[in-house]
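Read-outs: derived from the displayed coordinates by stated rules, not from any lab. None of these values were measured; they are calculated from a predicted model. For neighbour counting, all protein chains shown are included, and Cβ atoms are generated from backbone atoms with ideal geometry for every residue, glycine included.
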Amino acid sequence: MPGISAAAPQAGLAALLPGAAVAQACPSAPEEMCDLGTLRADNNGTSFAYGVNADGRIVVGRAETDDSSSHAFRWDAGTGTMQDLGTLRADNSGVSVARDVNADGSIVVGETQNDAGQFRAFIWRAGTMLDQVNTGVAAQQSAQALAATAAHYGQNTVYQLGREVALRAPGGGDGARVSTRGEAAPQTPVAVRVGGRLAHTDDIATSGGVQVTAAVGLTPALALGGFVEIMDESDSRSVVSLDGTHVAGGASLRYRAAPDGTGLTWRVAAVRGGGDFDVTRRDILPDTERGEGATSLTTTGVSAEIGYGYAVPRGVVTPFARLTGSRVERDGFAETDAIAFPLTYDPHEDEALTLTLGADARLDVTARGTLEIGAGISHDLDRDTDPVTGTSAIPGFTDFSVNGPDLENRTRGHVSAGYSHALGAGRAVSGRVSVSQSPWTDDLAVGARVGYEMRF
């Protein structure tokens with residue numbers, strides 16, 4: 001609609017404003033012209049109308065202000081008042097123009113100056129003006145970051161499936177537990193490790209937590225294992241951060257043909273976890289807004305592994321093959337309406353089926369110390385990540401569907417090294433570090449854990 005000066009004769013504006021009769025400043029006859037005024041205190045100067053909503057009650061355009069600049073306005077026939085929409089400058093100076101309005105009159109679009117002096121497209125709603133392009137980009141990045149978060153928790157589930165504590169005490173080449181007198185004691189059927197873990201992936205997050213891992217010997221060849229872990233995200237590197245606690249637990253059954261680890265071995269494991277999280281969409285890009293909501297995550301995983309241990313000097317090396325399945329489910333949620341343009345997300349799932357070929361080595365380097373080394377290659381046989389979908393009031397992003405991060409490493413490697421040291425009386429301390437490639441980024445995932453072990 002071309003610009004129409006409120007100070008000049010107009011033939012068609014009144015026909016577009018059938019609701020103008022309710023405004024005190026306008027005549028009662030709908031066929032008459034309505035003077036919308038200006039943004040000056042004395043109502044002098046010029047104004048131009050560029051858009052009107054579906055029922056003609058909201059008009060948008062630009063009008064002269066007291067400092068002789070021109071600001072976007074929104075005029076409401078219900079109140080007969082003209083509202084100054086301002087600019088994107090921090091001091092509200094500069095120029096802005098409203099070009100159009102949506103059907104119900106709640107959203108206004110146009111262009112304005114920002115603090116860099118650039119003219120940028122804006123969107124306005126409920127008293128808040130945002131950079132339209134930056135807001136759309138930020139919303140898209142946030143959706144993709146949520147998909148990356150799901151993949152991150154899926155990778156953590158894979159790690160949890162490998163959680164295990166050995167019944168065999170460290171050191172003492174024959175696998176015996178070391179007593180307080182340094183004498184060999186028979187292997188006992190219970191082992192417990194209490195400790196902490198730290199996990200970090202660039203561009204995703206750093207997480208830390210505590211864990212308890214246990215194993216019980218059912219027979220000389222079978223051991224039942226389990227763990228409980230509580231993790232918190234301590235440092236988000238993403239445009240979306242999750243504040244909450246993820247609690248997971250799992251169980252496993254391990255078979256070893258011989259107590260020293262030689263011969264056939266197999267293991268099956270399952271884990272399940274979940275937590276409630278406060279989600280924050282950060283306002284990283286200029287002239288965007290911070291969004292907040294709350295959601296729940298559920299993680300599940302299963303694995304099956306088979307290997308064969310070969311005796312080497314002072315230890316054993318066990319090549320293995322492992323098949324792992326993981327799933328992450330996020331509930332749908334909506335950001336609070338405390339902001340002008342909240343996002344609403346649909347439920348989301350991330351699934352992966354992965355084959356790993358690798359080898360673990362255990363070497364008794366001293367009478368009390370054992371070195372553990374692991375390495376392997378993993379390949380995704382299948383990875384099914386739903387797009388992140390939802391709705392918003394952002395023009396051009398009302399119904400969105402955003403794919404997660406690209407799969408960077410369908411085939412990826414990992415290495416780890418750990419050391420356990422017996423203290424006597426069935427007690428030991430242990431530590432382990434790991435480095436692995438991530439499926440969705442070229443940045444490496446780094447993990448570390450420490451623990452205090454007890455055997456009874």
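For the reader, a short list of remarks on this structure follows.
- Temperature 4 °C, viscosity 1.567 mPa s: under these conditions the Stokes-Einstein estimate for the chain, based on its Kirkwood radius over C-alpha pairs, is 50 µm² per second.
- Net charge of the neighbourhood of L39, taken over other residues with C-beta under 15 Å away and scored Lys/Arg +1, Asp/Glu -1, is -4.
- Long-range HN-HN contacts of E408 with modeled amide H, under 5 Å: W440, T441
- Note that segment 197-236 carries a Kirkwood radius of 12.1 Å, evaluated over its alpha carbons pair by pair.
- Fraction of alpha-carbon pairs over 21 Å apart in segment 332-456 - percent: 62
- Net charge of neighbours whose Cβ lies under 14 Å from the Cβ of I373, counting Lys and Arg as +1 and Asp and Glu as -1: 0
- Rg to Rh quotient for segment 202-316, alpha carbon positions, Kirkwood Rh: 1.19
- Summary of the geometry: segment 37-60 and segment 304-373, compared by the centres of their Cα atoms, lie 61 Å apart.
- Helix 132-161 axis versus longest C-alpha principal axis of the chain: approximately 10°, rounded to the nearest ten.
- From phi via Karplus (6.51, -1.76, 1.60), per-residue ³J(HN,Hα) for segment 263-279 in Hz, x at Gly/Pro: x, 5, 9, 8, 8, 10, 8, 8, 9, 8, x, x, x, 9, 9, 8, 9
- Between the C-alpha center of segment 219-266 and that of segment 393-456 there is a gap of 12 Å.
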